[in-house]
Amino acid sequence: MALLIYGLDTEEVGSAQSWRDTLAELLPELEIRIFPDLGNTSEITYLAFMRPDFDAIPPLPNLKAMFSRSAGVEAFINHPKLPKAPLGKIEPADGDPMMTEYVIMHVLRLHREMPLYQQAQARGEWLRRPIVRPGERRIGFLGFGLMAKAPALVLQSLGFPVSAWVRNPKPDAEIPIFHGPDQFDPFMRQADIAVCLLPLTRETEGILCARTFALMPRGAMVINIGRGRHVVNADLLAALDSGQLSYAALDALHPEPLPSDNPLWRHPKVTVMPHVARRPTVRQLGTEIAANIRSIEGGGGLLQEIDKAMGY
């Protein structure tokens with residue numbers, strides 16, 4: 001039983017030795033191979049990767065499962081050489097605390113109008129604004145997966161009315177849920193701050209567009225931590241300039257890195273962040289990989305399997 005690691009032995013994630021040390025502790029019977037050191041490919045039963053190049057990875061005839069570190073799978077899910085083995089996410093089961101703090105940070109910044117106060121400080125202006133109470137600021141999450149649920153519940157505990165829009169009903173959800181295309185418009189009409197944490201699919205690409213912004217209450221705000229192509233940049237700028245939206249915070253952008261001449265950088269109502277919402281550690285990722293492998297070897301399946309047809 002061997003695990004091949006591809007693209008995860010980087011400064012951004014962790015060194016090859018940190019992977020070997022962590023997984024030796026968690027699954028001592030598992031042999032770790034770091035691409036391009038494949039050895040006998042018939043011995044490789046698991047593959048973990050980020051930004052995979054399936055033209056470079058040879059066939060792995062005994063592969064049982066794959067694990068993707070990427071937040072989205074749209075870049076490779078339709079690759080003709082994608083192995084047929086089941087594909088799973090390696091996310092903490094209760095969400096990532098880094099993502100939770102990041103979402104809370106941006107929601108509270110916008111809720112308390114910190115961008116306006118920063119601009120006033122730069123002008124030397126003693127600006128005093130009416131304070132909106134949490135109960136008067138409705139937070140709407142586009143998507144209610146692992147990364148969205150934890151911050152949504154924290155915001156609810158702070159007194160914000162929180163709801164979410166998803167593809168299918170979630171009858172056991174702890175917050176009000178809107179679902180499906182028919183409930184998208186009513187959802188957006190009641191979202192004072194919209195937080196996008198959707199996967200990128202054919203249906204969600206460009207979802208944050210002129211039509212969507214027009215549905216929102218005037219002066220609403222948008223936080224995109226999903227994928228860059230969720231946002232139609234020209235429509236966002238137009239909505240901000242017209243006053244339909246009052247502010248936007250963008251962690252995921254298209255293209256990335258954002259070119260220095262892109263107007264988003266200098267717009268006074270936009271915060272641009274260089275895709276830094278979260279950085280899972282080798283320990284976090286290794287723990288989830290080990291849990292999945294133990295499940296499979298024990299006769300179970302992946303803990304968070306990705307539907308390749310759906311794209312998430």
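Read the figures in this text as sums done on the coordinates, not as results from a lab. Bear in mind the structure is a predicted one, so any value in this text is a computation, not a measurement. Every residue, glycine among them, receives a Cβ derived from its backbone with ideal geometry; neighbour counts consider all protein chains shown.
If you stretched the chain out fully between Asp182 and Val272, how much longer would it get, using 0.36 nm times the residue separation minus the C-alpha to C-alpha distance?
29.2 nm is the gain from fully extending Asp182 to Val272.
Can you tell me the length gained on complete extension of the stretch Thr281 to Ser42, counting 0.36 nm per residue apart and subtracting the Cα distance?
Stretched fully, the Thr281-Ser42 segment lengthens by 83.1 nm.
Hey, what angle do you get for helix 282-297 against the long axis of the chain, alpha-carbon based, 0 to 90 degrees rounded to 10?
The helix 282-297 is inclined about 50 degrees to the chain.
Within the set of other residues whose C-beta is less than 12 Å from the C-beta of Glu297, count the net charge using Lys and Arg as +1 and Asp and Glu as -1.
Spelling it out: positives minus negatives among the neighbours equals +1.
Tell me, what is the percent relative contact order of the range 97-272, built from C-alpha pairs under 8 Å that lie six or more residues apart?
Contact order relative to length: 17 percent.
Name the most mobile residue of Leu208, Leu60, Leu158, meaning the one with the largest mean-square fluctuation, in a Gaussian network model of the chain with Cα contacts below 10 Å.
Residue with maximal mean-square fluctuation among Leu208, Leu60, Leu158: Leu158.
With point charges of +1 on the Cβ of Lys and Arg and -1 on the Cβ of Asp and Glu, referenced to the Cα centre of the chain, which listed residue (Ala239, Phe141, Val13) lies farthest in the positive direction of the dipole?
Farthest towards the positive pole: Ala239.
Got a sec to turn the phi values of the range 11-18 into Karplus ³J(HN,Hα) couplings, 6.51 cos²θ - 1.76 cosθ + 1.60 with θ = phi - 60°, whole Hz, x for Gly and Pro?
Taking θ as phi minus 60°, the curve returns 4, 5, 10, x, 6, 4, 5, 5 Hz for the range 11-18.
Just to confirm the filter: which trypsin sites (Lys or Arg not before Pro) across the range 106-205 are DSSP coil and have at most 10 other Cβ within 10 angstrom of their Cβ?
Loop-located and lightly packed - Arg128, Arg202.
Just check the range 97-272 against the gyration tensor rule for me: Cα atoms, a ≥ b ≥ c as the square roots of the eigenvalues, rounded for a/c under 1.5, and otherwise prolate or oblate depending on whether a/b exceeds b/c.
The shape class here is oblate.
Quick one: His79, His111, His267, His106, fewest Cβ neighbours within 10 Å first, how do they rank?
So the residues, fewest neighbours to most, are His79, His267, His111, His106.
How high is the relative contact order of the chain, given as a whole-number percent (alpha carbon pairs under 8 Å, six or more residues apart)?
17 percent
For n ≥ 4 DSSP H runs only, could you compute -39500 (n - 2.57) per run for the chain, divide by its residues and tell me the 222 nm figure to the nearest 500?
Here the helix-only value at 222 nm equals -8500 deg cm²/dmol.
Between Ala291 and Leu26, how many nm apart are label points set 7 Å from Cα along the C-beta direction?
For Ala291 paired with Leu26, the spin-label model returns 1.0 nm.
Neighbouring Cβ atoms within 10 Å as the yardstick, rank Met114, Met221 fewest first.
Arranged by neighbour count, lowest to highest, Met114, Met221 become Met114, Met221.
Arrange the following residues from fewest to most other Cβ atoms within 10 Å of their Cβ: Lys84, Lys269.
Lys84, Lys269
With angles folded into 0 to 90 degrees, how steeply does helix 114-123 sit against the dominant principal axis of the chain? Use alpha carbons for both and round to 10.
Orientation of helix 114-123: about 60 degrees from the principal axis.
Picking from Pro58, Cys196, Ala122, whose Cα lies most toward the positive end of the charge dipole for the chain (charges on Cβ: Lys, Arg +1; Asp, Glu -1)?
The listed residue farthest towards the positive side: Ala122.
Could you list which residues have their amide H under 5 Å from that of Leu253, counting only those 5 or more apart in sequence or on another chain, with H placed in the peptide plane?
When sequence neighbours closer than 5 places are left aside, the close amide H contacts are Gly228.
When the dipole is taken about the Cα centre of the range 97-272, and only Lys, Arg (+1) and Asp, Glu (-1) are charged at their Cβ, what size is it in debye, to the nearest 20?
Its charge dipole is roughly 360 debye.
Enter the angle in degrees (range 0 to 90, nearest 10) between the Cα long axis of helix 97-111 and the first principal axis of the Cα atoms of the chain, meaning the one along which they spread out most.
Orientation of helix 97-111: about 10 degrees from the principal axis.
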